[in-house]
Amino acid sequence: MAGPYSRVALVSGGAQGIGAGIAARLAGDGWRVVVADRDPAGGAPSGGRYVVCDVGDEAAVASLLQSVAVTEQRLDGLICNAGFMIRKPIAELTLGEWSSVLTTNLTSAFLLVRGAAALLRSVHGAVVTIASSRARMSEPDTECYSASKGGLVALTHALAISLGPEVRVNCISPGWILTKGPEPTAAEHAFHPTGRVGRPDDIAGLVAFLVGPESGFITGAEFVVDGGVTRKMIYPE
């Protein structure tokens, strides 16, 4: 597809945390990056574009993707990163709260991929969804978050089959990635087989690989990036 840019990526939930790290990495690699986030104070990396958008809203997503089609005129990489958690005992969790988490964390990926499919197909693009190791393991009171992330893993392989061979779709499930709060303790770092808690760059580097040409034989896959924690056997002391 003709257009003013050679490679364009759209990152949802890219105003902070992992999403901001992904946007910065791709921009540093020469991508034109469009960041979509509902934070009115957010921004995009230099040379990119920021769109205030609730990616769980069907009309807002349609408007976002129309703006990409008009302004960037192509879409090579879609990173579905938007998400948040409500942590409550299930007896106190309302249906509205459950639905809000599922809408932002899971339904948004469906809306974005559905709306971007034609753009992605035209350039043989790639999609990366950002799930969580909580799709496979849980702490108490995280039902809505865990369900949404498990759904993303399943949605990923379904999309890979439906959109292939033109579009590849893969999933990254991060573990503990330090994006805010205090520095983890020495014991918390040591709990990880890698010897440290993760950083946004750990996820961003894998995203860059998965939307690039060297990953052309990879689709429908889930990559658990958690420092080895989900492979670690833990016994009572």
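The values are calculated or read from the model by the stated rules, or taken from the named source; none is laboratory data. Since the structure is predicted, the reported quantities are computational estimates derived from the model, not experimental observations. Don't worry about glycine lacking a Cβ; one is built from the backbone with ideal geometry, like all the others, and counts go over all protein chains shown.
What to note about this one:
- Restricting the first member to segment 112-138 and to residues that are assigned to a strand (DSSP E or B), and the second to residues that are of a type in the set (D, E, K, R) and buried (at least 20 other Cβ atoms within 10 Å of the Cβ), the beta-carbon pairs closer than 7 Å and six or more apart or on different chains are Ala126/Arg168.
- The single residue among Ala135, Ala109 that is buried (at least 23 other Cβ atoms within 10 Å of the Cβ) and of a type in the set (Gly, Ala, Ser) turns out to be Ala109.
- Just so you know, in segment 56-87 the residues that are among the β-branched types (Val, Ile, Thr) and in contact (Cβ under 8 Å) with a residue 60 or more places away in the chain include one that is surrounded by the fewest Cβ atoms within 10 Å (Cβ to Cβ), and it is Val68.
- Yes/no for Gly164 being surrounded by fewer than 19 Cβ atoms within 10 Å (Cβ to Cβ), among the small types (Gly, Ala, Ser) and under 14 Å from Val113 (Cα atoms): yes
- When residues of segment 1-46 are limited to those that are among the aliphatic types (A, V, I, L, M) and part of a helix (DSSP H, G or I), the one farthest from Ala69 (Cα to Cα): Ile18
- For Glu143, the criteria (1) surrounded by 17 or more Cβ atoms within 10 Å (Cβ to Cβ); (2) acidic (Asp, Glu); (3) at pLDDT below 95 hold in every case but one, which is (3).
- Only one of Ala109, Ala69 that is part of a helix (DSSP H, G or I), aliphatic (A, V, I, L, M) and under 17 Å from the mean Cα position of the chain (by Cα): Ala109
- Taking the listed residues Pro182, Pro193, the one that is over 20 Å from the mean Cα position of the chain (by Cα) and either crowded, with 20+ Cβ neighbours inside 10 Å or in contact (Cβ under 8 Å) with a residue 12 or more places away in the chain (or both) is Pro193, with no other qualifying.
- Count of residues meeting criterion [under 22 Å from Arg136 (Cβ atoms), among the small types (Gly, Ala, Ser) and in a loop (DSSP other than H, G, I, E, B)] in segment 166-194: 1
- Among the candidates Asp29, Asp57, Asp76, Asp39, residue that is more than 27 Å from Glu166 (Cα to Cα), among the charged types (D, E, K, R) and out of contact with any Asp or Glu (no Cβ under 6 Å at 6 or more places or on another chain): Asp39
- Segment 195-225, residues that are in a loop (DSSP other than H, G, I, E, B) and farther than 30 Å from Glu166 by Cα: Gly195, Arg196, Val197, Arg199
- Against the numbered list (1) assigned to a helix (DSSP H, G or I); (2) closer than 20 Å to Val61 by Cα, Trp98 comes up short only at (2).
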